[in-house]
Amino acid sequence: MTILLFIDSSTSVTLTPEFTFKDEAKKLQSTMRTQAGTLIQYKFATFPSFKIPVKYINDTDKDQLHEWWRDNDDLTFAYGGSEYTVRIVNKTNPVSKTIKPYDNLWQGELKLEGY
C-alpha cells in the first residue's frame, strides 16, 4: 500500500507504511449515569486518526515532514480512495531515527489527525 501526503500539487511525500499502520477514528464524548442507572452520552465530535510507521525515508522527505510538523501545516492525506485534511500531531519529530547501516535513510511514526 502506498499513501500520499501533500500540502499542494508541487509539494508531496509518498509513504509506504509498515504493516502496523492504524486507521483509528476518535470520538470526543462525555458519559455519565443518573442515580436511576440511565446511561447518558453526549457526543461532541468525531475525527479521523492515523498512526503510520515508516521506514527508509530519504533525507529530503524527512526534512519536508519535519517542516510540516514544525509549522502545523494543513495537509491532505490520500489513502484508500479517500482524502482527509490532517495535521501531524506528534509531540516530537516524527521521523528521527536512522536505519543501520545507512546514514541517509530514516524511520519513525507519523501520527495524523483530522479536524
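Taken as Cα centroids, the range 50-67 and the range 1-24 sit 9 Å apart, rounded to the nearest whole angstrom. Here the alpha carbons of the chain define both size measures, Rg and Dmax, at 17.4, 63 Å. If you look for lysine pairs in the range 3-114 that are eight or more places apart or on different chains, how many of them have Cα atoms under 14 Å apart? The result is 12. In sequence order, the range 47-52 has phi-based couplings of 7, x, 9, 9, 10, 10 Hz under the Karplus curve 6.51 cos²θ - 1.76 cosθ + 1.60, θ = phi - 60°, and Gly or Pro positions carry x. Computed from point charges on the beta carbon alone (+1 for Lys and Arg, -1 for Asp and Glu), the dipole magnitude for the range 3-114 about its Cα centre is near 740 Debye. In this rough spin-label picture, where each label sits 7 Å from Cα along the Cβ direction, the residue 71-residue 42 distance is 3.8 nm.
Just in the range 1-80: which chymotrypsin sites (Phe, Trp or Tyr not before Pro) are loop by DSSP and have at most 11 other Cβ atoms within 10 Å? Answer by residue number: 19. Taking every alpha-carbon pair under 8 Å whose residues sit at least 6 apart, the chain reaches a relative contact order of 27 percent. Each residue, residue 93 and residue 26, gets one label point 7 Å from its Cα in the Cβ direction; the gap between the two is 2.4 nm. Highest GNM mean-square fluctuation among 101, 53, 17, for the chain modelled with Cα contacts below 10 Å: 101.
Working note: Karplus 6.51/-1.76/1.60 with θ = phi - 60° gives the range 90-100 the couplings 4, 7, 10, 3, x, 10, 9, 10, 6, 9, 5 Hz, where Gly and Pro are set to x. Per-residue ellipticity at 222 nm, computed for the chain from helices alone with -39500 (n - 2.57) per DSSP H run of at least four residues, works out to -3500 deg cm²/dmol. Taking the C-alpha atoms only, the angle from helix 59-71 to the longest principal axis of the chain is near 40 degrees. Multiplying the residue separation of residue 35 and residue 14 by 0.36 nm and removing their Cα-Cα distance gives an extension gain of 2.2 nm.
Each reported figure results from applying straightforward, stated rules to the coordinates on display, with no laboratory input. Given the structure is predicted, the values throughout are model-derived calculations rather than measurements. Cβ: placed from backbone, ideal geometry, glycine included. Neighbour counts: every protein chain shown.
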